[in-house]
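Written out below as structure tokens is the structure these notes cover.
Please treat every number below as a calculation from the coordinates, not as lab data. Everything numeric here is computed off the predicted structure, so don't read it as measured data. We place every Cβ from the backbone using ideal geometry, glycine too, and count neighbours over all the protein chains shown.
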Amino acid sequence: MMKKFAVLLAAAALLVLMVPGALAQDTFGLNADDYALFEAANANSAEFNSLGYSFVLAAAVSGVDGGPLTANLNGSGVIGVGADPVFSMLVDGQISEALGPIDAALELRLLGETVYVRLGEEWMGSTIDGLLGSFGAGMGMGGDDMGGMMDDPMSALPPEAMGALMGLSMLDTSEYVSISRADSDGVAVFTTSLDVLGLLSAPELAPVLGMAMAQGMGMGDAAMSPEELEQMSMMIGMLFSVANIELAQSINPNTQLIERTVLTLNLAIEGMTPEPITIDVTFDVALDYNAAVDVVAPEGVAVN
């Protein structure tokens with residue numbers, strides 16, 4: 001389990017590092033002026049002293065045991081950067097399943113190295129290291145191992161995975177990403193689309209996906225040829241009949257800042273259950289730059 005998790009985490013980290021490089025070399029169908037605005041807004045929006053946010057999350061899953069699941073959540077919070085970073089998030093809403101609706105109530109506060117979490121009415125406090133240790137223990141890892149993996153995903157990889165992951169450096173991500181612009185009420189809306197099915201069939205990704213699938217099937221210690229890993233990867237791609245991911249960013253042309261981001265994900269997986277599994281998610285986030293920061297520790301909460 002942990003080897004599969006490490007392989008996927010490292011692969012995701014490499015893709016995150018590679019995409020900006022690809023974006024710097026291609027305008028993805030945008031003209032030069034539009035791409036310059038898109039690039040500047042993404043760079044400017046990452047430079048803030050404080051950031052307020054609010055979000056609406058709508059998710060629906062069908063075809064799984066226990067009947068269809070839906071979630072409708074609202075959240076808000078603030079991020080403050082500096083010598084002592086702070087973060088807060090307050091979430092409410094409802095999650096519905098076959099047995100009935102469940103009210104969701106979560107609050108999270110981060111002050112420096114201390115995390116406070118409220119589930120329902122009860123607060124809990126922990127250091128970041130302590131939280132990582134608890135999470136790692138549940139996954140069969142020590143706290144130091146878990147912290148190291150978060151800082152450097154490569155450190156947790158089995159040796160046989162290194163060659164497969166380094167092959168990702170040859171992946172041309174520009175083949176699977178497209179960007180379009182459509183203005184609305186003076187705001188430029190840039191939509192980035194990811195060709196998920198095309199990416200899953202990319203030969204450079206096949207060894208990584210195949211290795212992760214093999215680990216999940218308990219075959220991780222067996223030597224596998226490149227052809228066998230590619231076959232494993234093809235099995236993953238064949239499971240998806242629908243795989244759409246879009247990111248819409250609303251950019252103010254005057255401030256060159258991203259004011260809103262909407263992530264849309266639609267997946268349909270066939271062949272694993274009697275009915276197709278469908279996953280539909282919309283995550284809509286509004287941003288407020290240089291928002292007031294007022295994050296304090298809850299009174300009387302011990303830190304473990």
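Gain in length, Asn304 to Asn44, computed as 0.36 nm per residue apart minus the alpha-carbon separation, to one decimal in nm? Write down the numbers at each step before the final one.
Values: separation 260, 0.36 × 260 = 93.60 nm, distance 3.78 nm.
The Asn304-Asn44 span can extend by a further 89.8 nm.
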Rounded to whole Hz, the Karplus (6.51, -1.76, 1.60) HN-Hα couplings of the stretch 53-64, x for glycine and proline: 8, 9, 8, 10, 10, 10, 9, 9, 10, 10, x, 10
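Sort Tyr289, Tyr176 by Cβ crowding within 10 Å, fewest neighbours at the top. Before the final figure, lay out each step's value.
Details: Tyr289 16, Tyr176 20.
Listing Tyr289, Tyr176 from fewest to most nearby Cβ atoms yields Tyr289, Tyr176.
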Listed with the fewest Cβ neighbours within 10 Å leading, Leu99, Leu108 appear as Leu99, Leu108
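In debye, nearest 20: dipole of the stretch 236-304 around its Cα centre with unit charges on the Cβ of K, R (+) and D, E (-)? Could you put the intermediate results ahead of the total?
Details: 1 positive and 9 negative charges, 35 e Å.
Here the size comes out at about 160 debye.
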So, with points 7 Å from each Cα along the Cβ direction, the Asp294-Thr255 label distance in nm works out to 2.0 nm
Report ³J(HN,Hα) in whole Hz for each residue of the stretch 26-36, in order, from the Karplus equation J = 6.51 cos²θ - 1.76 cosθ + 1.60 where θ = phi - 60°; Gly and Pro get x. 8, 9, 6, x, 7, 6, 4, 5, 5, 5, 4
